[in-house]
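Chemist: Mind having a look at this structure? Questions to follow.
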Amino acid sequence: MTTKLSKACVLIILFCFIFQIHSKSNANSFKPKSLNERVDSVLNLMTLHEKVGQLNQYSSSWATGPESHQENKFQDIKDGKVGSMLNVKGVEATRAMQKIAMQSRLKIPLLFGFDVIHGYKITFPIPLAEASSWDLEEIEKSARIAAIEASASGLHWTFAPMVDIARDPRWGRVMEGAGEDTYLGSEIAKARVKGFQGKGIGNTDAVMACVKHFAAYGAAIGGRDYNSVDMSERTLWEVYLPPFKAAAMAGAATFMNSFNDVNGVPATGNTYLQRDILKGKWNFKGFIVSDWGSIGGMISHGFVGNSKEAANVAINSGNDMDMESRSYIENLAALVKEGKVAIGTVDESVKRILLKKFELGLFDDPYKFCSEKRENQELTNPQHRKSARQIAQKSIVLLKNDNDLLPLNKKQKVALIGPLAKSKNDMLGSWNVYWPDNSDVVSQYEGIEQRVGKNNLLYAKGCEVNDSSKTGFDEAIAIAKQADIVILTVGEKSGMSGEARSRSNIHLPGVQEDLIKAIYATGKPIVILINAGRPLIFNWTADHVPAILYTWWLGSEAGNAIADVLYGDYNPSGKLTITFPREEGQIPVYYNHLNTGRPYVRGSADTTYITGYNDLVRTPRFPFGFGLSYTSFNYSNLKMSSTKMKPNEMIDISFTLTNTGKVKGEEVVQFYIRDEVASLVRPVKELKDFQKIMLLSGESRDIHFKVDKEKLSFYNNKIDWVAESGTFQIMIGSSSENIELKDTLQLVD
Ligand code: NOJ
């Protein structure tokens, strides 16, 4: 017995010893490689042609730019000549294409990118509308849901967020960004990056963000899409670059450059922007993709003579991937062989792209995002629809509400009039992924019908959005006469704003304003809904009609959200993030302008020898930050922890906000600063902070803002970020024009 026991003990000890040695040696030989080491190990296997292939991106036959080349696409993938595809979506399609990539020599997985701009299957409000919510959590959530759906549908990458500051509503792409303000735009940029990338790329519910269009695309001359940008270094740094920087710092995986030139150098071939600023100063580790064909576009710019020169300039200036111009695939290998492009430059771009493929986990499982089960679940998730309705409500801006005409009473008989009342497609706006399938969209007619019932709802189209016929007016007038209230829904068709949709005339299109006048003449109370992708001009309507809701394009839940606001189930809280001009001739008009030596003083009757137009009121129609509510708010009791601060100090500014109305509501309180005297002329005010506060009727809350040196700084003429000592105005208000509380602060050395 004792011998048996001691034998067993010896065996156990021996086993433990062997096990220990074994696990030690395992630990040495299986030390996991870092991602960079894995990237290098793939790079070492690649031929020059395979490297160039990784930098090449093709579109599927669904083109989002001028026709793309379709020949040889599949063969090229098999031959290792393609690193990424855009415009392929769905598990079935992405899996099929990835299978082809798996037949290539090195089996490097493809990246699938798509313009998931405001939702995927569930369409959220257009970004400009969402920005009007000033609700960063909701904006992040909307991007989160878009990412959940897109990633469940086989996608790895969205070409969003678009963070271009836009001061010109003639530019069709204002719909795609956050509006005119740099601070707000930066906060929204961060929220969207966080939303898309979730807990990090590599999780199956995240997609890579692509921050675009780097840079200054929003300042295209005259709002003409694709046009040139001519701006001072200071404006570039102070107004246009910060949202890009904020997005880069938030960890955005990729950037897209842009079609425009900046001061004569196309962004796509711009070393200063791409290498010096983005990859240099900001230490961006992701990769840069060109915009559609923008490498080839440098030939039309007159910056390079041919496609080979274009490829040379693009890669050397820091553009990593070529979207659809074929300049890299056709020329890069030769450029390397001729010594014009260093192999190290190509390697650097390839490594950046491979690194993202590793981070996504595609080398471990190229079909990681290809689960039909997940796709089915997520694309029909009812929670997503709920969220879409919530943010759509928050995106609506109440521009006018004389005598509290709104909210409406469900018992009133409604005449719903207008060319957009029954439209579904137009609610989706530009960049809608599921076009032309609009089966999940709630039209305004449906939303209102659900509220008041069929018998209480009359309908007439009245006219088309954009033609000259008035033959429908009589029918519209007739139903208006039978109703207690008229809801007139007008605006733009979804194809009228967006890429390549700049317009010189941004008045309400067609005869829609004539229709409004004709209905107004019946004497019936009218509520106007304006559906659009940009600020429109509607002066007569703004002067005469008692109630106006700017509803933008609100996505799948448009009709429900609009009915929620019309009938008071949601108290509107949206505020404009872009100034509405009175006439096109007033553009560009934005709140944070410089003062001039002959400034216009608001309210002053004397306008001689004063800046502005003699034939136009000198203020905009609706200012930045403006939006009404069904309740009212009082601002009082401004306190500053000190009226003097040193550069290393922080002061607290507080005030009391009270809901003085009868219903609960949200207020976006806005905090502006003006640097009174500086070494460079400073804007009349700049948004530096904001909060969105929900208060019950009668409720009060103390709101605090912090001011530190950062908030007082600007780029001086050496492009140094400095805070100069002196006096700063502190302004708190409900819009950029409606300042409720004011004081001054001294920055002392
Ligand atoms: C061109 C647009 O400018 C860009 O924003 C978009 O992502 C690409 N086309 C791809 O569709």
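The values are calculated or read from the model by the stated rules, or taken from the named source; none is laboratory data. Because the structure is predicted, anything quoted here is derived from the model rather than measured. So basically every Cβ, Gly included, is an ideal-geometry build from the backbone, and we count neighbours across all protein chains shown. To get the accessible areas, we keep the full protein, side chains included, count just its heavy atoms, and leave off ligands, DNA and RNA. Shrake-Rupley method; radii C 1.70, N 1.55, O 1.52, S 1.80 Å.
Chemist: Can you name the residue in the stretch 190-218 that is away from the ligand (no atom under 15 Å from the Cβ) and assigned to a helix (DSSP H, G or I) and is also surrounded by the fewest Cβ atoms within 10 Å (Cβ to Cβ) among such residues?
Modeler: Step by step, filter the stretch 190-218, then rank; the result is 194.
Chemist: Are there any pairs with C-beta distances below 8 angstrom linking a residue in the stretch 34-58 that is on the phi > 0 side of the Ramachandran plot to a residue that is open to solvent by less than 40 Å² (accessible area, probe 1.4 Å) and of a type in the set (Gly, Ala, Ser), with the two at least 6 apart or on different chains, and if so which?
Modeler: Matching pairs, first to second residue: none at all.
Chemist: A further question follows. Name the residue, out of 398, 362, 355, that is under 26 Å from the mean Cα position of the chain (by Cα), farther than 30 Å from residue 309 by Cβ and modelled with pLDDT of 95 or more.
Modeler: Every option except 398 fails the conditions.
Chemist: Could we say that residue 497 is open to solvent by 10 Å² or more (accessible area, probe 1.4 Å) and among the hydroxyl-bearing types (Ser, Thr, Tyr) here?
Modeler: no
Chemist: Among residues belonging to the stretch 313-330 that are assigned to a helix (DSSP H, G or I) and surrounded by fewer than 23 Cβ atoms within 10 Å (Cβ to Cβ), point out the one that is nearest to the ligand (Cβ to nearest atom).
Modeler: Ranking the qualifying residues of the stretch 313-330, first place goes to 329.
Chemist: Return the total of residues in the stretch 494-524 being in a loop (DSSP other than H, G, I, E, B) and either closer than 21 Å to residue 581 by Cβ or within 16 Å of the ligand (Cβ to nearest atom) (or both).
Modeler: Selection size over the stretch 494-524: 13.
Chemist: Also, quick follow-up: Quick one: would you say residue 439 is at pLDDT 95 or above and more than 20 Å from residue 523 (Cβ to Cβ)?
Modeler: no
To keep it simple, each residue is scored yes or no on (1) buried (at least 17 other Cβ atoms within 10 Å of the Cβ); (2) acidic (Asp, Glu).
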{"site": "675", "(1), (2)": "yes, yes"}
{"site": "687", "(1), (2)": "yes, no"}
{"site": "691", "(1), (2)": "no, no"}
{"site": "705", "(1), (2)": "yes, no"}
{"site": "709", "(1), (2)": "no, no"}
{"site": "717", "(1), (2)": "no, no"}
{"site": "725", "(1), (2)": "no, no"}
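Chemist: Sticking with this one: Go over the candidates 243, 169 one by one and state the one that is more than 13 Å from the ligand (Cβ to nearest atom) and either assigned to a helix (DSSP H, G or I) or surrounded by fewer than 20 Cβ atoms within 10 Å (Cβ to Cβ) (or both).
Modeler: 243
Chemist: Scan the stretch 148-166 for residues that are of a type in the set (A, V, I, L, M) and either over 14 Å from the mean Cα position of the chain (by Cα) or more than 16 Å from the ligand (Cβ to nearest atom) (or both) and report the count.
Modeler: Residues that pass the stated criteria total 4.
Chemist: So residue 128 fits all but one of (1) within 16 Å of the ligand (Cβ to nearest atom); (2) of a type in the set (A, V, I, L, M); (3) under 20 Å from residue 289 (Cα atoms); what number is the exception?
Modeler: (3)
Chemist: Tell me which residues, restricted to the stretch 428-451, are open to solvent by 10 Å² or more (accessible area, probe 1.4 Å) and in contact (Cβ under 8 Å) with a residue 60 or more places away in the chain.
Modeler: 430, 431, 432, 434, 440, 442, 445, 446, 450, 451
Chemist: Pull up the stretch 684-708, narrow it to residues that are over 16 Å from residue 742 (Cβ atoms) and in a loop (DSSP other than H, G, I, E, B), then point me to the one that is farthest from the chain's Cα centre (by Cα).
Modeler: It comes out as 698.
Chemist: Collect the residues in the stretch 277-296 that are more than 9 Å from the ligand (Cβ to nearest atom), in contact (Cβ under 8 Å) with a residue 24 or more places away in the chain and of a type outside the set (Val, Ile, Thr), keeping them in residue-number order.
Modeler: 278, 279, 282, 284, 285, 286, 287, 290, 296
Chemist: Within 19 Å of residue 208 (Cα to Cα), crowded, with 21+ Cβ neighbours inside 10 Å and in contact with a Pro (Cβ under 7 Å, 6 or more places away or on another chain), is that true of residue 149?
Modeler: no
Chemist: From the list 734, 713, pick out the single residue that is surrounded by 15 or more Cβ atoms within 10 Å (Cβ to Cβ), at pLDDT 95 or above, of a type in the set (Ser, Thr, Tyr) and within 30 Å of residue 629 (Cα to Cα).
Modeler: Selected residue: 734, the only one of 734, 713 that is surrounded by 15 or more Cβ atoms within 10 Å (Cβ to Cβ), at pLDDT 95 or above, of a type in the set (Ser, Thr, Tyr) and within 30 Å of residue 629 (Cα to Cα).
Chemist: Hey, could you check the stretch 331-368 for residues that are among the basic types (Lys, Arg) and not in a loop (DSSP other than H, G, I, E, B) and say which is least open to solvent (accessible area, probe 1.4 Å)?
Modeler: The residue in question is 357.
Chemist: So residue 175 clears everything in (1) of a type outside the set (D, E, K, R); (2) without any contact (Cβ under 8 Å) to a residue 40 or more places away in the chain; (3) closer than 22 Å to residue 87 by Cα except one condition, right? Which one?
Modeler: Of everything listed in (1) of a type outside the set (D, E, K, R); (2) without any contact (Cβ under 8 Å) to a residue 40 or more places away in the chain; (3) closer than 22 Å to residue 87 by Cα, residue 175 misses just condition (2).
Chemist: Within the stretch 83-98, restricting attention to residues that are within 16 Å of the ligand (Cβ to nearest atom) and not polar (S, T, N, Q), which residue is surrounded by the most Cβ atoms within 10 Å (Cβ to Cβ)?
Modeler: My answer is 83.
Chemist: Okay, moving on. Within the set of pairs 6 or more residues apart or between chains, which connect a residue that is modelled with pLDDT of 95 or more inside the stretch 149-169 to a residue that is among the aromatic types (Phe, Trp, Tyr) and open to solvent by 10 Å² or more (accessible area, probe 1.4 Å) with Cβ atoms less than 6 Å apart?
Modeler: Qualifying pairs under 6 Å: 165/240; 167/590.
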